[in-house]
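Written below as structure tokens is the structure these notes are about.
Nothing in this text is a laboratory measurement; each read-out follows from the coordinates by a stated rule. It should be emphasised that the depicted structure is a prediction, and the values quoted were computed from it without experimental measurement. We place every Cβ from the backbone using ideal geometry, glycine too, and count neighbours over all the protein chains shown.
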Amino acid sequence: MSNTTMDIVSVLKDYLRFPGISADPNAKQWILDSASYLAGLLEKAGAKPEIVPTAGNPVVVGRYNADRNDLPHIVIYGHYDVQPVDPLDLWKTPPFVPTEVDGKLYARGAADNRGPHAVSVVAFANLLARRPDLPLRVTFVFEGEEEIGSGSFPQFLRDHQAELSTGDFVLLSDTESPAADKIAITIGLRGIVGLELNLEGPNSDLHSGIHGGAVYNPLQALAEICASLHNPDGSVNVPGFYDGMLAPADWEREELKRLPTTEESYKQFLGVDALHSLPGYNGIEATRFAPTLEFNGMGGGYLGSGSKTIVPAKAFVKITCRLVPGMDPKATFEKVSSAIMARVPAGIRASITPMQGCPPYYVCPPNRPNTPADMNPTLAKAFDAAHTIISEQFGNPPIYTRDGGSIGIIEAFRQICGMNALMIGFFLPDSFIHAPNENVDIALLQKGVKTYEAILEQIAAK
């Protein structure tokens, strides 16, 4: 039990000093220190903390009313690990010295994801200080591997399935809002599947004068295969690629028009003269509703300065596909791999290595034509509460939209624990997540604390 109130800025000025970079093997102690700090913060807020070891980084759990199966049960998710800080010379302030500048707090992790999930802890503490007998069951679950793929987290969910499957829904903020007064509730995430194609021709690089014209150049083969994977209109030229794809509901397309971004402003933001989207979708829609096949990197041959006249022995390309509801990562991988292998010319040996993969996610809010009849009533109540409270706190009703990115663990919560998610965005397009000068809008987080506090209180009300 806690009667302690918290201030989000003060909390973050302590929390953001820990360089918990999960991708850095030399930062292991900082990861453990980050977890220890977070456990202490949860205890101060009024939850019973536990640091749960995993095969990788520990999961920090906080429990409140853990034995009250008669109460609504909210699971609050976040991740305490952060991205590397390179290139360090582009930072205007030290990345692990939280610094206030013009209403923003600059530090690595400020927006992704320490600031947003600290909002939930501070809101819980402040609510519990007012309502020490709060009739709500809350389980905080904060992992330390999200930035490197959440490798150990699915097993954590399986190990704690009996406890977590009693949850009514997952509450989190690891998504973006378009503006400080236009808060997004994310209802969908694209999935992803990746692969690396390696091509081999001759057993070594060859002199292009002596041997050129006699063998198939792996770079030429690579260019031809890559070019064949799209049609001139931008659609993916892989048999069955779009099978099962669920089109967005009409209301979703209308909702998207509430975004402050237009196709023209989007072009200016990207620095391009034209957008190239899937037929039937404009550029704004395509990043949320349409699947993709993208080339993330390719190489082969001589890449140094000047010229080196060779036929290279090898070439490679890294490919990822973003998936929308109705598409399966394994099936998509097989379709793309089969299409590629069928287009490998004679004289070239090809191998394909799978990379990352996670399914797409979608949850329909209540009171829509496509709302499922069996929607969890506590989740429906949370959506309604969030709509009302966000409208009051930020002056505009929330925008219900899908996000073009992927958070694979959200679908894992549904598949393993049977829970859907309420995702509220508390960082902005200029928060520079994963980049130098990451920052978070202080006023937005302060309103976020009030928003979370009010949502939790409304769910607790009978």
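Tabulated values for the structure
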quantity: Ranked list, fewest to most other Cβ atoms within 10 Å of each Cβ, for Asp403, Asp133; calculated: Asp133, Asp403
quantity: Assigned charges on the beta-carbon of Lys, Arg, Asp, Glu; the range 246-307 dipole about Cα centre (debye); calculated: 140 debye
quantity: P(r) weight above 38 Å for the chain, C-alpha pairs, percent; calculated: 29 percent
quantity: Taking N as its residue count, the alpha carbon Rg of the range 236-350 over 2.2 N^0.38 Å; calculated: 1.40
quantity: Extension gain from Met298 to Ala435, taking 0.36 nm per residue of separation minus the Cα-Cα distance; calculated: 47.1 nm
quantity: Per-selection metrics, the range 1-110 (Cα): Rg and Dmax in Å; calculated: 15.9, 54
quantity: The range 282-310 residues near the modelled Asp250 label - backbone nitrogen below 15 Å, point 7 Å along Cα→Cβ; calculated: none
quantity: FRET efficiency, 1/(1 + (r/R0)^6) with R0 45 Å, evaluated for Lys28 and Glu392 via beta carbons; calculated: 0.55
quantity: Pairwise FRET efficiency - Ile148 versus Arg68, Cβ, R0 = 45 Å, nearest 0.05; calculated: 0.80
quantity: Cα Rg, Dmax (largest Cα-Cα span) when computed across the range 1-60, Å; calculated: 12.6, 39
quantity: Computed label-point distance, nm, for sites Val9 and Ala274 using a 7 Å Cα→Cβ extension; calculated: 4.9 nm
quantity: Estimated Rh, the range 314-462: Kirkwood, alpha-carbon pairs, angstrom; calculated: 19.1 Å
quantity: 23 Å tail of the calculated P(r), the range 92-182, as % of Cα pairs; calculated: 43 percent
quantity: Two-site FRET efficiency, Tyr266 against Leu88, from Cβ-Cβ distance with R₀ of 30 Å, rounded to 0.05; calculated: 0.50
